[in-house]
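One structure below.
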Amino acid sequence: MNDILLKNGLVYQKGKFERVNLAILGEKISYIGKEEVSAKEVVDVSNLKVLPGLIDPHVHFDLNCGRINSVDDFYFGSKCAIYGGVTTIVDFLEPTRNAEELEKSFYERLEQAKGCLVDYHFHACIKEPNGSLEGYVKTVVKLGMRTIKLFTTYSDTHRRTYDKDIIELLKLSKKYNVLITAHIENDDLIDLRDKYTYKDLCLSRPSFAETSEALKLAKYVRETGGNFYMVHCSSGQTLKALKEQFSDILNKNFYVESCPQYFIFNNSVLNEENGKLFTFAPPLRSERERQLLVANYKDVISIGTDHCSFMKKEKDFPTLKGFPLGVGGVEHAFTLLYRRFGDEIIDKMSINTAKIQDFPTKGELKVGMDADVSIFKDDDSMVINSNHGKCDYSIYEGLISAGEFVHVLRRGVFVLKDRKLIESKGKLLNCGEN
């Protein structure tokens, strides 16, 4: 006998919805079809959409920013995730210079993540490497990870990785089947003058800094045959240029992620009364670039939220230097983007990410897969007015969403039922783990 039967739902499989039943036994999906198979618990989900549990590949919970930490820790961040239909998140280790530091960072982060309510994984994060790069990559693989995040900027805080090492890491990515993930901005074009405030964020971090660096790195990827993933693409001009000049590798071994904020807002909001709340890096772009991003939406393979929230008072800082850059987003990303793009957003937040991150049992509703199931109610009149994390605001408040998640299951266990949180612990995922 099955444990749970989700009855009469509109189940999403291979790009379309079909009214069928879905059964769960233990942690796995055991049946999908027209029959009403026996189960200990039957939940009628008529007229609701049954989606694979969403995956956010880019969050920063309890991020150490030096002066302060991001306000949503793994408990509150994952609570937001559940209300947003997200059952798996990928966070980041502290940046490290060598394999020894990496291993220490991994176990420290693992301890911090113990309160996570959803399944979780980590990206390794490298800075100013001073040891064997091959040894670093081997340690990443040994620890069950597949991705190595680097920064092409932030030389002022000693987080930058330079071209020579990037090229070597790309070569190693091919040899060891790992993925090089990057925050892409041309460091030479970043202007950090002391007088700048948050209103000067777009002058400090211009759009061309992203576009020019992305094109340079795409050239390295083509030359090395390495595996590469660009996080938080902010400008439609960047995406358009990549499409025009590197269509042979775009989303084949040069993957592009973007975030909901770049599709929804433009940089004019920085001049509004609460403009300081819309601050993150890379920053919002012009309306023309936002429209270009929307127009080329199909060439974004995955959606991450870059969730990194701070309180309003922490954004009340006089200069751009030391300003906490980041906003929350994991709770509202799907509902906002689903309203704008429809069913195409589902794969970009589930199966695409599962394949890229190498989570073979996640991202799809299929017999034998993890029973990560997010059940959605359409409501095109719903206004966002709540946030389930610790942060005291959301840049998405007041916007109309596509609806809400009513129930969420993580590996066969309800973590949200009738919009009420049911707490249980998530687990660490290893890449390639069945």
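The values are calculated or read from the model by the stated rules, or taken from the named source; none is laboratory data. What you see is a predicted model; the values in this text were computed from it and never measured. Quick reminder, even Gly has a Cβ in these numbers, built from the backbone with ideal geometry, and neighbours come from all protein chains shown.
When the residues of region 394-421 are filtered to those that are touching a His at 6+ places or on another chain (Cβ under 7 Å) and assigned to a strand (DSSP E or B), the one that is surrounded by the fewest Cβ atoms within 10 Å (Cβ to Cβ) is Lys417. Might you let me know whether region 165-176 holds any residue that is more than 24 Å from the chain's Cα centre (by Cα), modelled with pLDDT of 95 or more, over 24 Å from His123 (Cα atoms) and of a type outside the set (Ser, Thr, Tyr)? Checked region 165-176: no residue is more than 24 Å from the chain's Cα centre (by Cα), modelled with pLDDT of 95 or more, over 24 Å from His123 (Cα atoms) and of a type outside the set (Ser, Thr, Tyr).
Of all residues in region 152-169, those that are out of contact with any Leu (no Cβ under 7 Å at 6 or more places or on another chain) and buried (at least 22 other Cβ atoms within 10 Å of the Cβ) total 2. Of all residues in region 104-121, those satisfying the criterion of being surrounded by 16 or more Cβ atoms within 10 Å (Cβ to Cβ) and within 18 Å of Gly131 (Cβ to Cβ) are Ser105, Phe106. What number goes with the only condition from (1) assigned to a helix (DSSP H, G or I); (2) touching a residue at least 12 places away in the same chain (Cβ under 8 Å); (3) under 28 Å from Pro360 (Cα atoms) that Leu117 does not pass? (1) is the only condition that Leu117 fails.
Taking region 245-273 as the range and being of a type in the set (Ser, Thr, Tyr) and crowded, with 18+ Cβ neighbours inside 10 Å as the test, the residues that pass are Tyr255, Ser258, Tyr262.
For region 354-372, a residue qualifies if it is of a type outside the set (D, E, K, R), touching a Pro at 6+ places or on another chain (Cβ under 7 Å) and closer than 17 Å to Ile82 by Cα, and exactly one does: Gly363.
Can Ile82 be described as of a type outside the set (Lys, Arg), in contact with a strand residue (DSSP E or B) (Cβ under 9 Å, 6 or more places away or on another chain), crowded, with 24+ Cβ neighbours inside 10 Å and in a strand (DSSP E or B)? Considered against the rule, which asks whether it is of a type outside the set (Lys, Arg), in contact with a strand residue (DSSP E or B) (Cβ under 9 Å, 6 or more places away or on another chain), crowded, with 24+ Cβ neighbours inside 10 Å and in a strand (DSSP E or B), Ile82 comes out as no.
If you scan region 217-241, which residues turn out to be touching a Ser or Thr at 6+ places or on another chain (Cβ under 7 Å) and within 25 Å of Gly328 (Cα to Cα)? Across region 217-241, the qualifying residues are Tyr229, Val231, His232, Cys233, Ser235, Gln237, Thr238.
For region 310-326, filtering for residues that are surrounded by fewer than 24 Cβ atoms within 10 Å (Cβ to Cβ) and either among the aromatic types (Phe, Trp, Tyr) or under 13 Å from the mean Cα position of the chain (by Cα) (or both) leaves 2.
Return the total of residues in region 39-69 being out of contact with any Pro (no Cβ under 8 Å at 6 or more places or on another chain) and part of a loop (DSSP other than H, G, I, E, B).
Step one: filter region 39-69 for residues out of contact with any Pro (no Cβ under 8 Å at 6 or more places or on another chain), giving 39-64, 66, 69.
Filter again for part of a loop (DSSP other than H, G, I, E, B), leaving 45-48, 53, 57-58, 60-63, 66.
Total meeting the criteria: 12.
What tally of residues in region 284-333 results from selecting those that are part of a loop (DSSP other than H, G, I, E, B) and of a type in the set (Asp, Glu)?
The total comes to 3.
Apart from one condition, Ile4 fits all of (1) in a strand (DSSP E or B); (2) surrounded by fewer than 19 Cβ atoms within 10 Å (Cβ to Cβ); the exception is (2).
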